[in-house]
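Structure record follows, encoded as structure tokens.
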There are 2 protein chains.
Amino acid sequence: MEIDIVKNEKERFVIIGGGFGGLEIARRLVKLNVQVVLIDRHNYHQFQPLFYQVATAGLEPSSIIFPFRRNFQRKDNFHFRMAEVDRIDGEKKIVHTSIGYLTFDKLIIATGATNNFFGNNEIEEHALAMKSINESLRIRNRVLEQFEEALSVPENEKKEHITFAIAGGGPTGVELAGSIAEMKRYILPKEYPELDFDQMRIILVEGAPRVLNAMLEKSSMKAKKYLEGLGVEVLVNTRVNGYDGTELTLNNDTTIRAKTLIWAAGIKGNYIDGIPEDAKVRGNRISVNQFNQIIGMEDVYAIGDVANMANVDLAYPNGHPQLAQVAIQQGNRFYKNMKDQLRGKEMTPFKYKNLGTMATVGRNKAVVELPKMKFYGFFAWLVWMLVHLRSILGVRNKFIVFLNWVWNYFTYNLSLRVIIKGGANKDQD
Amino acid sequence: MEIDIVKNEKERFVIIGGGFGGLEIARRLVKLNVQVVLIDRHNYHQFQPLFYQVATAGLEPSSIIFPFRRNFQRKDNFHFRMAEVDRIDGEKKIVHTSIGYLTFDKLIIATGATNNFFGNNEIEEHALAMKSINESLRIRNRVLEQFEEALSVPENEKKEHITFAIAGGGPTGVELAGSIAEMKRYILPKEYPELDFDQMRIILVEGAPRVLNAMLEKSSMKAKKYLEGLGVEVLVNTRVNGYDGTELTLNNDTTIRAKTLIWAAGIKGNYIDGIPEDAKVRGNRISVNQFNQIIGMEDVYAIGDVANMANVDLAYPNGHPQLAQVAIQQGNRFYKNMKDQLRGKEMTPFKYKNLGTMATVGRNKAVVELPKMKFYGFFAWLVWMLVHLRSILGVRNKFIVFLNWVWNYFTYNLSLRVIIKGGANKDQD
């Protein structure tokens, strides 16, 4: 069945995925005299950079997600549909979805990236990941459950319940490890006086010689120092080769007993069927030219984490890093090019401007690298907060997040440590 | 296996259920020289009176639930265990749970009440209910999904997706109906311009001759007027006899097509195995004497919704109403009696003091009955808010709820309309 959206004389742009890139395009395109259809499997935008705070009970999901429709109230040329995309047909210009098919004039694939377990099914089955708000909630539940369960297992099994391993020392892994370490330091011993917190371990495993491998060496050293100061065990030059739900096997053949492994060690593009096979490149990304057009397709574009614009920018011969900034800038460039095209002007090739990178380890501890300077510690931490607050959608959300941060800073004691699994089906009450 | 809690010379009070009654007892008993063990299937207290606002995307779950451990930080004589209770053994003084067994000196059953479908399995299978935070989230998800789905069904099926039936015209049904009606008036048409909101129906079905049957007739009339002013169809003297997920059958044999039926038409006690059969009375409640002792048991008490103290209070010959106030007052009385007993004094029989009843229909619209006065409208609505704010646990929670209410009052436009089903298992991402 065809999806029931009135086709008028306006050009129809269909956007798959409302992450940073897709939403940027939708918000801008809607101002032009075109029709915009956004398709996403969820009815909300997710602010990924703060997932780790949801996972460690520092923020509520609703503070960092935002319903799409709220953004486009009273916009007649905008249509949202909650659906999964099955495949696209570039010849006929049709998108096939779980709720029917839809024709397009121009299609933007902004499906982002998901966890990459590099083919290790055992790890995929037993590890937790953090690429969606739902996965973040699952981590929160599982972490809290470990402490409840530790109370009712025999003495010699307690330790593995309160050992938390994190694979991947990028910003996600570093921030998560720091955040769990802060829970250990400030909150958990007060709430679980029956447990011995000397037994609690937080282990960060990174394959490269240093954490935050994409940043400068000094930043990596700072981050490692912060983490170790909080009691995190940082293992570099180390990879997780296997995990059966209880025991991790590292590439140096040592093993660690841990009931929780969080996987932040790799991502891959959310590829969609119907794109020419030769456009699929390393990490399931889609090869695009400097206008984000998919190689070998007409009127079909890919943006953000799923796109790979290689051999264009000398600084990034293998394509740009999979960051929010790249997605937003590509979205912005795409919009401007469409506007120019409508006015009969030439399109401008995309040029990435690195605005800086940053990561936080915990209270008063962050590393920030801007193009012309870098700084660490308290001031970096303030900058980190400011930049993130600025980027969160919605005035109320900004305010609630800010309030939570201030509250937490002074009380060390939020009250979000609840295990909720509901909203799904009856047996989860 | 025995649950590992050190048994010392102190008397051990085991409390099953951390609702209004159980939590009141735990918070007070912990100040005495006794050991307190609280068992609940969740790790948080739930503030039931505001479930309807979670269900209609006006509040977040975390604003009205509160983790138990947060309440008892650094209390050495308090122990919480997250577990289901299977049965109790009054002779051996043992509680059997999903994580092992536990001995007690005194046991308090404060398990509350759950939905009563009066044996109608068809309704139970297809209707939604609202007796837990998880059920409230499920209502939110289902209501929002109906609007998304209405966009992709044939014209003649749209109406049943946006018809919402509510069975039961007590405070829960009234507040829920009013709240959905306000979404229809203030928010939904802005976000779903493609739907025809003249087709949207909200139908409240009540078996008695009037809604809010436990309040004065004038209050019932006011509430009905408010509801109808908001566009709610109020059917009194009417019962839902059947529901197959699409079609309701009423006791007057008319039918209504609605994809959503919310059941607020009855509750029954959460009975526990091991209690003498003759203590089980109407509505699965447990018969207790005026000290909340279960008839025929020693050192085992029942408190709140699950307890039935009949033939004691002339005003309530069949037992007290199943309200938070009764549970809290019984908990309070129980604590005082225990304290008196420890000091060798006589126990005092429970006496219920009705502090008043109230219900809100929507913005500026509420009915309040205090012992010496009753009032309606804006002032009643302010009183309703104040009373509820005061009762919510936690300073931060009070503040967040207040903030949400103020925000919503002035903007008509919260941003919580997100469909999240996560935290449970992988296929709900």
Original post:
Within the set of pairs 6 or more residues apart or between chains, which connect a residue that is of a type in the set (A, V, I, L, M, F, W, C) inside segment B:126-137 to a residue that is at pLDDT below 95 and part of a loop (DSSP other than H, G, I, E, B) with Cβ atoms less than 6 Å apart?
Top reply: B:137/A:422; B:137/A:423
Original post:
Filtering segment A:33-73 down to residues that are in contact with a Lys or Arg (Cβ under 6 Å, 6 or more places away or on another chain) and aliphatic (A, V, I, L, M), which residue is surrounded by the most Cβ atoms within 10 Å (Cβ to Cβ)?
Top reply: A:55
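For segment B:72-126, which residues satisfy the criterion of being among the small types (Gly, Ala, Ser) and touching a helix residue (DSSP H, G or I) at 6+ places or on another chain (Cβ under 6 Å)? Full working, then the answer.
Our first condition is that a residue be among the small types (Gly, Ala, Ser); within segment B:72-126, this holds for B:83, B:90, B:98, B:100, B:110, B:112-113, B:119.
Within segment B:72-126, B:110, B:112, B:113 qualify.
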Original post:
Which of the residues that make up segment A:31-55 are β-branched (Val, Ile, Thr) and within 13 Å of another protein chain (Cβ to nearest Cβ)?
Top reply: A:37, A:39, A:54
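Please verify whether residue B:175 is at pLDDT 95 or above, crowded, with 20+ Cβ neighbours inside 10 Å and among the charged types (D, E, K, R), treating the condition exactly as stated.
On the way: at pLDDT 95 or above: yes; crowded, with 20+ Cβ neighbours inside 10 Å: yes; among the charged types (D, E, K, R): yes.
For residue B:175, the condition - at pLDDT 95 or above, crowded, with 20+ Cβ neighbours inside 10 Å and among the charged types (D, E, K, R) - is met.
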Subject >> Single residue of B:147, B:164 found to be farther than 20 Å from residue B:243 by Cα, outside the structural domain of residue B:282 (by TED's automatic domain parsing) and at pLDDT 95 or above >> reply: B:147
**OP:** Filter segment B:260-292 down to residues that are surrounded by fewer than 22 Cβ atoms within 10 Å (Cβ to Cβ) and among the basic types (Lys, Arg) and give me whichever is nearest to residue B:211 (Cα to Cα).
**Re:** B:268
Subject >> Which numbered condition residue B:298 fails, given (1) in contact with a Leu (Cβ under 8 Å, 6 or more places away or on another chain); (2) more than 29 Å from residue B:182 (Cβ to Cβ) >> reply: (1)
**OP:** Output the number of residues of segment A:5-16 satisfying the condition of being within 14 Å of chain B (Cβ to nearest Cβ) and in contact (Cβ under 8 Å) with a residue 60 or more places away in the chain.
**Re:** 2
Subject >> Filtered residue count, segment B:292-323, keeping only those that are touching a helix residue (DSSP H, G or I) at 6+ places or on another chain (Cβ under 6 Å) and either touching a residue at least 24 places away in the same chain (Cβ under 8 Å) or not assigned by TED's automatic domain parsing to the domain that holds residue B:19 (or both) >> reply: 6
Subject >> Tally of residues being buried (at least 22 other Cβ atoms within 10 Å of the Cβ) and within 16 Å of residue A:258 (Cβ to Cβ) across segment A:129-142 >> reply: 2
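Within segment A:143-164, can you find the residues that are surrounded by 18 or more Cβ atoms within 10 Å (Cβ to Cβ), more than 8 Å from chain B (Cβ to nearest Cβ) and part of a helix (DSSP H, G or I)?
Initially, segment A:143-164 is screened for residues surrounded by 18 or more Cβ atoms within 10 Å (Cβ to Cβ), giving A:143-144, A:146-148, A:150-152, A:158-164.
Remaining after also requiring more than 8 Å from chain B (Cβ to nearest Cβ): A:143, A:146-147, A:150, A:158-164.
Scanning segment A:143-164 gives A:143, A:146, A:147, A:150, A:158, A:159, A:160, A:161.
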Subject >> Every residue from segment A:8-22 that is under 20 Å from residue A:83 (Cβ atoms) and surrounded by fewer than 24 Cβ atoms within 10 Å (Cβ to Cβ) >> reply: A:12
Subject >> Cβ pairs under 7 Å, 6+ apart, first in segment B:92-108 and free of Cβ contacts under 8 Å to residues at least 24 places away in the same chain, second assigned to a loop (DSSP other than H, G, I, E, B) >> reply: B:98/B:83; B:98/B:84
**OP:** Could you give me the residue pairs with C-beta distances under 6 Å whose first residue belongs to segment A:324-344 and is closer than 24 Å to residue A:45 by Cα, whose second residue is polar (S, T, N, Q) and crowded, with 16+ Cβ neighbours inside 10 Å wherever it lies, and which are 6+ apart or on separate chains?
**Re:** A:330/A:292; A:334/A:292
Subject >> Hits in segment A:397-412 (condition: at the interface with another protein chain (Cβ under 8 Å from one of its Cβ atoms) and either touching an Asp or Glu at 6+ places or on another chain (Cβ under 8 Å) or within 15 Å of residue B:398 (Cα to Cα) (or both)) >> reply: A:400, A:403, A:407
**OP:** Could you list, in sequence order, all residues of segment A:119-142 that are in a loop (DSSP other than H, G, I, E, B) and either over 17 Å from the mean Cα position of the chain (by Cα) or among the hydroxyl-bearing types (Ser, Thr, Tyr) (or both)?
**Re:** A:119, A:120, A:132
**OP:** Return only the number of the condition from (1) within 26 Å of the chain's Cα centre (by Cα); (2) more than 9 Å from chain B (Cβ to nearest Cβ); (3) within 27 Å of residue A:47 (Cβ to Cβ) that residue A:186 does not satisfy.
**Re:** (1)
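Please report, ordered by residue number, the strands (runs of 3 or more DSSP E) entirely within segment A:238-291 with at least 3 residues that are of a type outside the set (Ser, Thr, Tyr). Please lay out each step first, then the result.
Details: elements: A:240-243, A:247-250, A:255-257, A:260-263, A:267-269, A:285-287.
Correct list: A:240-243, A:247-250, A:260-263, A:267-269.
Take residue A:77 and decide whether it is surrounded by fewer than 24 Cβ atoms within 10 Å (Cβ to Cβ), within 11 Å of chain B (Cβ to nearest Cβ) and in contact (Cβ under 8 Å) with a residue 12 or more places away in the chain. So that I can check it myself, show each step before the final result.
On the way: surrounded by fewer than 24 Cβ atoms within 10 Å (Cβ to Cβ): yes; within 11 Å of chain B (Cβ to nearest Cβ): yes; in contact (Cβ under 8 Å) with a residue 12 or more places away in the chain: yes.
Yes, satisfied.
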Original post:
Listed residues A:25, A:64; which is farther than 22 Å from residue A:420 by Cα and touching a residue at least 60 places away in the same chain (Cβ under 8 Å)?
Top reply: A:25
Original post:
Quick one: is residue A:396 buried (at least 19 other Cβ atoms within 10 Å of the Cβ), within 24 Å of the chain's Cα centre (by Cα) and free of Cβ contacts under 8 Å to residues at least 12 places away in the same chain?
Top reply: yes
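Among A:112, A:58, A:119, which is closer than 22 Å to residue A:335 by Cβ and more than 10 Å from chain B (Cβ to nearest Cβ)? Steps first, answer last, please.
On the way: A:58 fails: closer than 22 Å to residue A:335 by Cβ; A:119 fails: closer than 22 Å to residue A:335 by Cβ.
Testing whether each residue is closer than 22 Å to residue A:335 by Cβ and more than 10 Å from chain B (Cβ to nearest Cβ) leaves just A:112.
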Original post:
Out of the residues in segment A:80-91 that are touching a residue at least 40 places away in the same chain (Cβ under 8 Å) and part of a loop (DSSP other than H, G, I, E, B), which is surrounded by the fewest Cβ atoms within 10 Å (Cβ to Cβ)?
Top reply: A:84
Original post:
When you go through (1) buried (at least 21 other Cβ atoms within 10 Å of the Cβ); (2) away from every other protein chain (no Cβ under 14 Å); (3) closer than 29 Å to residue B:398 by Cβ one by one for residue A:415, which number turns out not to apply?
Top reply: (2)
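This table checks each residue for (1) in contact with a helix residue (DSSP H, G or I) (Cβ under 6 Å, 6 or more places away or on another chain); (2) among the hydrophobic types (A, V, I, L, M, F, W, C); (3) surrounded by 14 or more Cβ atoms within 10 Å (Cβ to Cβ).
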| residue | (1), (2), (3) |
| --- | --- |
| B:203 | no, yes, yes |
| B:209 | no, no, no |
| B:214 | no, yes, yes |
| B:220 | no, no, yes |
| B:223 | yes, yes, yes |
| B:226 | no, no, yes |
| B:249 | no, no, yes |
| B:254 | no, no, no |
| B:257 | yes, no, yes |
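The values are calculated or read from the model by the stated rules, or taken from the named source; none is laboratory data. Here the structure is a predicted model, which means the values were calculated and not measured. Note: ideal-geometry Cβ built from the backbone for every residue, glycine included; neighbour counts use all protein chains shown.
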